[in-house]
1. For residue 142, enumerate residues with amide H under 5 Å from its amide H, sequence gap 5+ or separate chain, H modeled in the peptide plane.
2. Each residue of region 28-45 in turn: what ³J(HN,Hα) in whole Hz from Karplus with 6.51, -1.76, 1.60 and θ = phi - 60°, glycine and Pro shown as x?
3. Please check: in the Gaussian network model of the chain (C-alpha springs, under 10 Å), which one of 68, 209, 168 has the largest mean-square fluctuation.
4. If you count the DSSP beta bridges with both ends in the chain, what percent of them are antiparallel, to the nearest 5?
5. Run the helix sum for the chain: -39,500 (n - 2.57) per DSSP H stretch of 4+ residues, divided by residue count, reported at 222 nm to the nearest 500 deg cm²/dmol.
6. Let me know the charge dipole size of the chain about its Cα centre in debye, to the nearest 20, where only the beta-carbon of Lys, Arg (+1) and Asp, Glu (-1) is charged.
7. In the Gaussian network model of the chain, springs joining C-alpha atoms below 10 Å, which of 217, 256, 133 carries the largest mean-square fluctuation?
8. Taking just the alpha carbons, could you work out the radius of gyration and Dmax for region 1-158, both in angstroms?
Amino acid sequence: MLELKHLRTILELQETGSLTGAAERLSLTQSALSHQIKALEDLLGQPLFVRKSRPLRLTPAGQRLLALAECVLPEIRRAEADLRRLREGIGGRLHIAVECHSCYDWLLPAMDAYRRDWPEVELDLITSKSFSALPALAEGQIDLVVTSDPTDDPALGFAPLFRFEILLVMARDHPLAGRRYLEPADLRDETLICYPVERSRLDVFRRFLEPAGIEPAGTRTSELSLMMVQLVKSGRGVAALPGWVLAAPLAEGQIAVASLGETGLWSMLYAGTRGIDRQRPYLVGFIEAARRTACRVLAGIEPSG
């Protein structure tokens, strides 16, 4: 009665939160996906999700089907990976560098999941603090870079992982707290706490402050997102951080946040690889594992499509 395509559909509906997003991930038109879901609902005799809910909300029947999908599909993927290895003798090296200071919350679980499916791949995580990651990628010193700054180098390819909003975080009693969004001029008198990288790589400067000709009153740096949040809580300044970093302290009422601009300041995270390697099965497998894990563990992100 049930088919694998049904399980994949319900999983994509849950992860993307919309028919449009699920259709894009499944390489279907929205109309074709709607017909598929209607046929499945007719077969089961009950709806799978609440119509007109944003984000899409599964019914109890949909939740039961999702539980089955989360149980069965990983086993299918592992079996397919095993069969590929038997056929192709797949193995290789995957050394990863990270330019994102706050990626470890989802990247480490993604690596754990990947190791279970690809045990023959030599997997390692390398800090990029002591070298330039993208030139090292082009030269073959590393094999994949997690970055929000893709380049136009024709030798490299960049696969989108997910979109995320950069929020301004401030102390709960800050004068700007309670605003839904801020304009660049609102930061003119603020100390902005940043990661210790070039300003040209910080979206808050490159895409928000500098186009408006605004300079904050001062800046200070910290390498750790957790330390930046602590500095903000103690009134030492404000910071622009990915929304997923702030989910826990925001839920606990420790901080206040606001969007940067009326529509928000959104960025995309990418997996950069060498162009000649981008179709290698174990690299494709890692990118898929990274996307799945990020959608599962991070709050407030949007799938890459």
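1. 137
2. 10, 6, 4, 5, 5, 5, 4, 5, 5, 5, 4, 5, 5, 5, 4, 5, 7, x
3. Most flexible of the set in this elastic network: 68.
4. Values: 26 of 44 bridges.
In the chain, approximately 60 percent of DSSP beta bridges are antiparallel ones.
5. Numbers: 9 runs with 119 residues, N = 305.
Value at 222 nm, helices only: -12500 deg cm²/dmol.
6. Numbers: 36 positive and 39 negative charges, 143 e Å.
With Lys and Arg at +1 and Asp and Glu at -1, about 680 debye.
7. Highest fluctuation among the options: 217.
8. Cα only, region 1-158: 19.7, 59 Å (Rg, Dmax).
Readers should treat all values here as calculations from the given coordinates under stated rules, not as data from a laboratory. Everything numeric here is computed off the predicted structure, so don't read it as measured data. Using ideal geometry, Cβ is built from the backbone for each residue, glycine included, and neighbour counts are taken over all protein chains shown.
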